[in-house]
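Quick one: the structure is below, and I'll ask about it shortly.
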């Protein structure tokens, strides 16, 4: 019984760290698509494989596309959920909230390095 519980715990931690994550949206910046308090599923493997404690990808197989809703670290280190508006030539993306009047996004802090993207939000 203890081995099964330990195995389940280890499996859950590996899934959360490398494959999928769950976060709770805070704020109104993505309304009406995502409301505050919504539970979001994040595909951590959408753009590549990375170790959870590093910002660089070990392997990258895709880049964010315009329209993708991403979870990422802002340049100041805050966790954010915004829509990718465009990729830029310097390996960064422009992040914009759907509710532009309530959104602190790239219009305030500029382009976000692609390495800051944790993953793509699924099924919001």
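Per DSSP helix of 4 or more residues, -39500 (n - 2.57); summed, then divided by the residues of the chain. What does that give at 222 nm, rounded to the nearest 500?
Result for the chain: -4000 deg cm²/dmol, rounded to the nearest 500.
Using a 10 Å cut-off around each Cβ, can you sort 106, 100 from fewest to most neighbouring Cβ atoms?
100, 106
Angle between the Cα long axis of helix 2-14 and the longest principal axis of the chain, 0 to 90 degrees, nearest 10?
Taking the Cα atoms of the chain, the angle to 2-14 is about 20 degrees.
According to a simple spin-label model (label point 7 Å from Cα along Cα-to-Cβ), what is the distance in nm between residue 17 and residue 109?
2.5 nm
Please report the orientation-averaged projected area of the chain, defined via the convex hull of its C-alpha atoms, in nm².
8.4 nm²
Relative contact order of region 1-97: what whole-number percent is it, with Cα pairs under 8 angstrom and at least 6 residues apart?
Over region 1-97, the number comes to 17 percent.
Separate question: At what distance in nm do the modelled label points of residue 1 and residue 38 sit from each other, each positioned 7 Å from its Cα along Cα→Cβ?
4.2 nm
Only the coordinates and a few stated rules stand behind these numbers; no lab work does. No experiment lies behind these values; they were computed from the predicted model shown. For neighbour counting, all protein chains shown are included, and Cβ atoms are generated from backbone atoms with ideal geometry for every residue, glycine included.
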